[in-house]
1. Just checking, does the range B:271-281 include any residue being aliphatic (A, V, I, L, M) and touching a Cys at 6+ places or on another chain (Cβ under 6 Å)?
2. Quick check: anything in the range A:325-339 among the hydrophobic types (A, V, I, L, M, F, W, C) and within 11 Å of chain B (Cβ to nearest Cβ)?
3. So which residues in the range A:54-98 are more than 16 Å from the chain's Cα centre (by Cα) and closer than 22 Å to A:Asp381 by Cα, if there are any at all?
4. Take the residues in the range A:341-363 that are in contact with a helix residue (DSSP H, G or I) (Cβ under 9 Å, 6 or more places away or on another chain) and open to solvent by 70 Å² or more (accessible area, probe 1.4 Å); name whichever of them is farthest from the other protein chains (Cβ to nearest Cβ).
5. Could you check how many residues of the range A:157-198 are surrounded by fewer than 24 Cβ atoms within 10 Å (Cβ to Cβ), more than 10 Å from chain B (Cβ to nearest Cβ) and part of a loop (DSSP other than H, G, I, E, B)?
6. Mind listing whichever residues of the range B:189-232 are under 13 Å from the mean Cα position of the chain (by Cα) and of a type in the set (Val, Ile, Thr)?
7. For the range B:203-235, how many residues are part of a loop (DSSP other than H, G, I, E, B) and closer than 13 Å to B:Gly150 by Cβ?
8. What do you reckon, is A:Trp238 among the aromatic types (Phe, Trp, Tyr), farther than 27 Å from B:Pro86 by Cβ and without any contact (Cβ under 8 Å) to a residue 60 or more places away in the chain?
Amino acid sequence: MPGFTVSFHPEDRFFAFLRTVGEISCREGRLSGIPVAVKDNISTAGIETTCASRILEGYIPPYDATVVERLKNEGAAIAGKTNMDEFGMGTTTENSAFGPTRNPVDPSRVPGGSSGGSAAAIAAGLVPLALGTDTGGSIRCPAAFCGIVGLKPTYGRVSRYGLIAYANSLEQIGPMAANVTDANLLMGVIAGHDPRDSTSLDFPYLHTPDPEIRGMRIGVPEEFFGEGVDPRVASVVWEGISLLERKGAEIVTCRMPSMAYALAAYYVTCTSEASSNLARFDGVRYGPPADTKKTWHESFQERRRDGFGEEVRRRIMLGTFTLSSGYYGKYYAKAQAARNQVRADFERLFREVDVLAGPTMPTVAFKFGEKSDPLSMYLSDILTVPANLAGVPAISVPCGRVEGLPVGLQIMGRWMEDERVVDVGYAFEQGVSR
Amino acid sequence: MTDTTKVSRPTGDGISFSEKKGTDIQNHTETANVGMNRDFSDDEVIIGLEIHCQLDTRTKLFCGCSTDYRDDSPNTHVCPICLGLPGSLPRMNKKAIEYALRVGKALNCTILEESEFSRKNYFYPDLNKGFQITQYDKPLAVKGHLDIEGDDGEKRVRITRVHVEEDPGRLVHKGGVDRAKYTLVDYNRAGIPLIEIVTEPDFRSPKEARRFLNKLRATLEYLGVFDSEKEGSLRVDANISIQPKGWFDRFGKGKEDRGRVEVKNISSYKGVEKALTFEVTRQKNSLRRGQKLESATRHFVEARGVTTASRSKEMEQDYRYFPEPDLRPLRVSDWADRIVIPELPDARKTRFIEDYCLSPTHAATLTGDWQIAEFYDNLPNDLKTSTATATWVADTLLGELNYRDMTIRGVPLSHFKELLLIRQSGEITEKGAVEVLRSLLDQQKERGTCELPWECIERLGLKVLGCAAPGGKDPVTSAAEEAIAENPQAVADFCKGRSEALNFLVGQVMKKTRGCAKPADVNRVLTGILSRGE
Ligand SMILES: [Zn+2]
């Protein structure tokens, strides 16, 4: 197969990239020579992959994640690794051990997170396509804050092989792009069955976006416009929803009572899984050689204390606690029960409506340091976590602005109906641009 | 009773240790009968086992790496999955599940409709992911049994559960654990499939536990899922306590009167009996001294044949189990129904008794090991139906192997089959056959190969000496004539009708023919010559 080389030397003013690959050799394919940015928690053979954590500094994976393999097979140029909240734990990209990414729309504000680098790279026009990962909104939040498109696929639709796990049962790799058409193209390349991921499902994604939504029933849960949602954001999103109505969709307001436990269920689940996933970073295999004068206990405690950032340590401690004997039943088991309720709520609603719509984030992008206490930061994930808990697809598309800052419209669909949420996003995009 | 009471090892080799914390190990031998003021006839020993066996699959449990790592350099049988590299995911080896299902079925277990893998979280350098993928509250198989020869006849041992898990890596200490300045880790073993088999506390003596293990090993080898010869392929933890008689049956597990000791780190069949026997003695001695038996974890030190107290920290370990999110639950009960179990030791024993007319003892011995059973089964029909053959294999062959600390594996069985055939044909004597066997085994043990039986017979000159028709010249006749010529007194005695004289002459001939003549021939030839000479 004939190959060629692409140069990538971006002027990265917003610190979207942790590292870039100057000269990239590619082959022919659907993405021939298109630079694609890859979030730094996705393994790239021969390219340092750190999850924006000190503890993985210098780690060069010997293998490509399945999605990276698929990108390369289609001729994409892996342009570089994008900044993120350390191990995906955050909503602003401020938790990167290597410094925050700035929002290209307003550099005094965060780009959202945790896939903030990927979103900023697109918003700044450095690359047309990027991969993000979404555990509780990490693709959709930065997409909304930076004014781009981000899709969290159905759980199992995109292989997680090579994605450095934060919360295995919640997260998916997904496409980020400036528009729905490009996001759809990237989704077509990365989706599909992978025998190396036991949770991967055999549903190929072969789709051309269709803007026809006449007769579609769109549910709007009241809870998505509840307390904590900035009224200005709410009104921009409502305007967006009425645009969909004008295009022939039927708008139905509905309720999603399980939203009351969704956030708690999410944080218990993701911290529990994270506490276990991150146990492998004990100083034996990653990072500089251990000090052989110290005992095993001393050296691994020291490595973990110094190598992980504050938020990561907080979540490891929370997860260790929620899995402890005597607390498992009170926390982890309860969280799984709550998760089933969220799933049941979605199933019930999706018997009556085709998709659900609402804001992606309760507010516009924060100023740096604005969310200084962890709890108020966690609360901003309230509208994105339900889709992860239930494993259903959700897209965020740009939907107007509040004082010049982008607002995202979120469309959530039935399990395995990623195509439909893409169609609604596409219809909306077409409606706005006309 | 003084507070410096010591207990000696049951083997009485002079090493003893103090039960009191902080005191040093001291040499003290005369303590076996300290304070015999309690009656122990009312106590019984309660033992339960937890057995880990490596499944003999070609590849590891969650990746395609080869399991044949034993003679290879460290960290050469590894990949992103079994190294637990960030981002790698486990992928279930179906063969391992099939093997485990065979075990579950052979042990008469119920295969759960849905079983699940869980993470057992703990930090240890040999554990590359910081957790072990194992099964917790939904194991593959539960509630089975295996019948063994108990101390009081046939005994049904209940199996609590059978589950699948991954083996961790291995720590290596260059120059030994005490001398090494650092620890190296070899992940070649990481991800080898293990099954854990847990029994109910149904054993009442270390011997029963040992017998169970032998039966289990045979069963696993009959199933073709386990190779007991591979170093480290078996690891056993044992629970042991001494309870007032009947107490355990009345109140059950968890309600014992006295504390239960868990002995970890036993890695051989002989070790199990040794460790348990040591514990029985140790606990009985503690009771004698009026001490309370506390629940504890102890480690078996194979080289010294003793168990030593572990730090209590290990018992407080909280493994924070939760379901493995990267694997789907297993639904394999239908598959299990379709799996056909081969003939197992008990069935084969019955067949040997019925088809080959063997005694139950011989049949039990010959079917107690898959390789031996196969060997025996493949002998020609007239051979395997003869008691002499059964005796020869079950007693002579196995006895000689045992004497040399050898096993049937690595021994060229075709040679022994040939030897049996030669022996049956009468071309060598019984004594000669044993001599050949010993020589072949010695060679095998020393060099890993051995001569063909015929070569050995020729070399040792053990071929039975031919004996021509009366009057002919052959080695037996020549030897007989020599003996007669050399022993006129004995000839004279014989002529006077003293039959002992003939025995003496036979002995002389046997000596001259170095045992290679058949006694019957010697007898016939001698009487022939003597009666002619009269
Ligand atoms: Zn491997």
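The values are calculated or read from the model by the stated rules, or taken from the named source; none is laboratory data. Note that this is a predicted model, so its numbers are computed, not measured. Note that we place each Cβ from the backbone using ideal geometry, even for glycine, and neighbour counts take in every protein chain shown. Note: areas computed on protein heavy atoms with side chains; ligands, DNA, RNA excluded. Shrake-Rupley method; radii C 1.70, N 1.55, O 1.52, S 1.80 Å.
1. No, that holds for no residue.
2. Looking through the range A:325-339, at least one residue is among the hydrophobic types (A, V, I, L, M, F, W, C) and within 11 Å of chain B (Cβ to nearest Cβ).
3. Once the filter is applied, which keeps residues that are more than 16 Å from the chain's Cα centre (by Cα) and closer than 22 Å to A:Asp381 by Cα, the range A:54-98 yields only A:Ala97.
4. A:Glu347
5. Qualifying residue count, the range A:157-198: 4.
6. B:Thr219
7. Of the residues in the range B:203-235, 2 are part of a loop (DSSP other than H, G, I, E, B) and closer than 13 Å to B:Gly150 by Cβ.
8. Yes: the conditions hold for A:Trp238.
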